[in-house]
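Working notes, structure below.
The values are calculated or read from the model by the stated rules, or taken from the named source; none is laboratory data. Nothing here was measured: the structure is a model prediction, and the numbers come from that model. Cβ sites come from the backbone with ideal geometry, for glycine too, and all protein chains shown count toward neighbours. When the accessible area is computed, the model is the full protein with side chains, heavy atoms only, and any ligands, DNA or RNA have been set aside. Shrake-Rupley method; radii C 1.70, N 1.55, O 1.52, S 1.80 Å.
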Amino acid sequence: MIRWLNSTLGRGIGFFIVLELMLVPAVLYWPDFSKHIGKFRALAPLPVMRGIIDTLETGGAFAYVTGQHFFKGCNTLGVAAAVLLSVGAVAGEAHRGTLEIFLARPVSRTRLLTERYVEGALAVCLPVFASTLTIPALLEHIGEKLTYGPLLWSALHTNLLLLAIYSLGFFLSTLSRTPLAIAFALLFFTILQFALYLVERVTHWSLFRLTDVERFLEIQKRGGLDPKYWLPLAGVSLALYIASLRAFARRTP
Amino acid sequence: MVEAAAGKIVARGLTRRFGSKLALAPTDLDVGPGGVTGLLGPNGSGKTTLMRMLIGLTKPDAGEASVDGAALEGDGLAIRRRCAYAPGEIALYGELSGAQQLEFLLRGRERDAHARAEDYARRFELPLERRVHAYSHGMKRQLLFAAALAPQVRVRILDEPSEGLDPTKRGVLIELLREDAARGTTILLSSHHLGEVDRVCQRFVFIHGGKVIANESAESTAARARRLLRVAYAPHAGLAQALARAAGELAPHVRSARVRDTELLVELADDDPRGVLERLTRFDGVGAPTALEFGRASLQELYRDLYGVEAC
């Protein structure tokens with residue numbers, strides 16, 4: 001547990017640092033971006049991208065910051081972190097041949113798996129919350145003001161999608177002994193989802209429609225999460241966690 | 001429900017298939033309380049599968065088991081709390097030091113188990129401060145053994161604990177096993193190094209092709225080895241058929257008789273070979289024996305000659 005926690009903690013801190021490194025310049029660039037937004041619209045090659053810029057213009061600093069941090073930062077780095085932190089949980093042990101010593105101790109399988117699940121999930125989700133908490137302070141440097149409430153609701157919403165992807169990777173890990181294959185499959189899947197997002201006629205099929213700027217503007221307007229979105233996302237994670245427990249109970253070293 | 005007694009390992013009809021391969025045919029086992037039992041057999045014979053099933057690492061397709069009074073149920077946690085296990089696989093976390101690896105292996109054990117494990121590791125002269133990736137194969141094996149010996153339990157299940165050890169370290173291991181058995185611990189020990197196992201075991205269970213083919217005390221096994229008669233003949237046309245006929249004729253008068261190449265292998269029913277030797281002179285078509293050996297077979301030769309199985 002200590003070994004796993006060390007590596008998970010390290011990866012979580014690494015994820016936070018990279019998120020923050022992307023967030024700081026993006027936020028500080030907002031005044032210039034808002035000034036030249038018309039030029040950006042003219043440069044955008046796809047109708048979907050022009051639509052995003054329109055939304056940023058009408059949504060102001062909140063739309064821009066959530067677009068930069070959640071839609072761009074968390075949907076790319078967050079998905080990568082969710083995949084990398086989940087696929088090794090069980091498949092990594094099997095791949096290294098250490099699954100037998102992992103399971104042979106007098107600790108229940110449910111406990112072993114739950115510890116792994118929670119540690120990895122926290123390493124994915126906490127950095128998103130932590131970096132979100134720095135946004136109001138960063139905005140103050142450029143004379144903008146945003147309250148924590150809508151930002152933290154947006155962070156929670158983003159985390160629900162990341163948790164669902166993490167849970168999928170975790171479930172596949174309990175079935176497999178090749179973590180790399182799962183990682184490639186999941187990363188291919190998410191890249192495909194991004195590609196779908198950018199194509200106007202099929203954009204509504206993309207998973208990332210669930211965490212785009214329009215969704216965050218809805219959260220801001222509503223002052224909380226919409227059960228239409230958060231319930232299915234949380235349900236998927238819960239179902240995959242239960243499926244992981246069942247698969248792990250039958251797992252042979 | 002199987003008998004659940006303190007210090008005993010009991011299995012009834014334990015069975016496991018991996019796909020179409022029968023890894024373990026319905027198996028009954030009674031070990032202990034106390035003493036060292038050797039689970040012997042060649043690689044792939046089903047020893048590890050049986051041991052893993054006994055502690056809940058592999059779910060049986062059928063059958064039931066109990067270890068130290070705890071029934072095999074769910075994920076086998078109740079059993080793992082009552083017995084210590086040394087796995088056959090020696091993959092460890094290379095990034096951990098020996099001491100940290102012991103801490104990992106002893107999670108869920110009593111507080112002073114770690115100190116005892118370090119004591120055992122010191123008897124093997126293991127550098128516990130060094131990272132495990134610098135350990136040799138034998139050192140990793142010793143570390144696993146030290147961890148399995150540390151918990152205060154009544155049953156230990158040890159999968160190939162001596163594999164990869166040099167003769168000196170193997171001697172230390174046997175000494176530690178004897179000390180543990182003297183405290184009344186029940187030890188089920190798998191090995192395919194028969195020469196060493198027969199020094200420490202009071203009972204042997206021989207497993208081959210997923211089936212238990214012999215289960216007897218060390219004395220009885222040694223007596224059987226002493227009663228093994230091996231008669232060699234010069235090869236010639238028709239020898240195979242003549243030997244098969246001779247084995248058939250001998251069978252009612254001995255415990256077993258079989259042919260291997262140009263040899264007739266006979267396990268006598270008692271210590272007196274004279275009756276069988278007298279019969280040997282009357283067989284047609286085999287010719288005169290070129291060599292005859294009696295009373296010198298090792299345990300390894302016994303299994304090879306009687307079951308046609310290379311145990312080592």
Check: Only one residue in B:Ala134, B:Ala182, B:Ala91 is open to solvent by less than 60 Å² (accessible area, probe 1.4 Å) and either within 17 Å of B:Ile55 (Cα to Cα) or away from every other protein chain (no Cβ under 13 Å) (or both), so which one is that?
Finding: B:Ala134
Margin query: Could you go through region B:265-282 and let me know if any residue there is in contact with a Lys or Arg (Cβ under 7 Å, 6 or more places away or on another chain), open to solvent by less than 60 Å² (accessible area, probe 1.4 Å) and part of a helix (DSSP H, G or I).
Written below: no
Check: For region A:160-175, does any single residue satisfy the condition of being part of a helix (DSSP H, G or I), closer than 24 Å to B:Arg81 by Cβ and open to solvent by less than 20 Å² (accessible area, probe 1.4 Å)?
Finding: yes
Note to self: Restricting to region A:158-185, give me the number of residues that are of a type outside the set (Gly, Ala, Ser) and under 13 Å from the mean Cα position of the chain (by Cα).
What the structure shows: 9
Notebook entry, point to check: Taking region B:26-45, which residues are modelled with pLDDT under 90, out of contact with any Asp or Glu (no Cβ under 7 Å at 6 or more places or on another chain) and open to solvent by 10 Å² or more (accessible area, probe 1.4 Å)?
Noted result: B:Gly32, B:Asn43, B:Gly44
Next item on the list: Give B:Glu216, B:Glu163, B:Glu175 a once-over and let me know the one that is touching a residue at least 24 places away in the same chain (Cβ under 8 Å) and of a type outside the set (A, V, I, L, M, F, W, C).
Entry: B:Glu163
Margin query: Let me confirm something: among B:Asp28, B:Asp61, B:Asp68, B:Asp75, which residue is farther than 24 Å from B:Lys140 by Cα and within 10 Å of chain A (Cβ to nearest Cβ)?
Written below: B:Asp75
Check: In region A:195-224, which residues are more than 16 Å from A:Phe62 (Cβ to Cβ) and out of contact with any helix residue (DSSP H, G or I) (no Cβ under 6 Å at 6 or more places or on another chain)?
Finding: A:Ala195, A:Val199, A:Arg201, A:His204, A:Arg209
Notebook entry, point to check: Quick check: is even one residue across region B:167-176 within 14 Å of chain A (Cβ to nearest Cβ) and of a type in the set (S, T, N, Q)?
Noted result: no
Check: In the list A:Arg222, A:Arg246, which residue meets the criterion of being within 14 Å of chain B (Cβ to nearest Cβ), open to solvent by 40 Å² or more (accessible area, probe 1.4 Å) and free of Cβ contacts under 8 Å to residues at least 60 places away in the same chain?
Finding: A:Arg246
Check: So how many residues does region B:52-111 have that are β-branched (Val, Ile, Thr), in contact with a helix residue (DSSP H, G or I) (Cβ under 6 Å, 6 or more places away or on another chain) and farther than 23 Å from A:Gly92 by Cα?
Finding: 1
Check: Which condition does A:Glu93 not pass, out of (1) on the phi < 0 side of the Ramachandran plot; (2) away from chain B (no Cβ under 14 Å), if it passes all the others?
Finding: (2)
Notebook entry, point to check: Among the listed residues B:Arg274, B:Arg282, B:Arg304, B:Arg224, which satisfies the condition of being free of Cβ contacts under 8 Å to residues at least 24 places away in the same chain and closer than 24 Å to B:Lys47 by Cβ?
Noted result: B:Arg304
Note to self: Just checking, does region B:64-85 include any residue being touching a residue at least 24 places away in the same chain (Cβ under 8 Å), crowded, with 17+ Cβ neighbours inside 10 Å and within 20 Å of A:Arg96 (Cα to Cα)?
What the structure shows: yes
Notebook entry, point to check: Which residue pairs have Cβ atoms under 7 Å apart, sit 6 or more places apart or on different chains, and have a first residue in region A:162-182 that is in contact (Cβ under 8 Å) with a residue 60 or more places away in the chain and a second that is of a type in the set (Lys, Arg)?
Noted result: A:Thr174/A:Arg251
Item checked: Filter result for A:Ala26 (closer than 20 Å to A:Thr147 by Cβ, touching a Phe, Trp or Tyr at 6+ places or on another chain (Cβ under 9 Å), surrounded by fewer than 22 Cβ atoms within 10 Å (Cβ to Cβ) and in contact (Cβ under 8 Å) with a residue 24 or more places away in the chain) -> yes
Margin query: Looking at region B:94-116 only, could you name the residues that are within 11 Å of chain A (Cβ to nearest Cβ) and open to solvent by 50 Å² or more (accessible area, probe 1.4 Å)?
Written below: B:Glu95, B:Gln100, B:Glu103, B:Gly108, B:Glu110
Checklist line | Residue check for B:Asp119: more than 14 Å from every other protein chain (Cβ to nearest Cβ) and touching a strand residue (DSSP E or B) at 6+ places or on another chain (Cβ under 7 Å) | finding: no
Note to self: So for region A:37-53 (the condition being at pLDDT 95 or above and aromatic (Phe, Trp, Tyr)), does at least one residue qualify?
What the structure shows: no
Next item on the list: Tell me which of these A:Lys145 doesn't satisfy, since it passes every other one: (1) open to solvent by 50 Å² or more (accessible area, probe 1.4 Å); (2) within 14 Å of chain B (Cβ to nearest Cβ); (3) in a loop (DSSP other than H, G, I, E, B).
Entry: (2)
Note to self: Of the residues A:Leu85, A:Leu133, A:Leu126, A:Leu122, only one is of a type in the set (A, V, I, L, M), farther than 30 Å from A:Arg246 by Cβ and touching a helix residue (DSSP H, G or I) at 6+ places or on another chain (Cβ under 8 Å); which?
What the structure shows: A:Leu133
Check: So A:Cys125 fits all but one of (1) in contact with a Ser or Thr (Cβ under 8 Å, 6 or more places away or on another chain); (2) buried (at least 21 other Cβ atoms within 10 Å of the Cβ); (3) hydrophobic (A, V, I, L, M, F, W, C); what number is the exception?
Finding: (1)
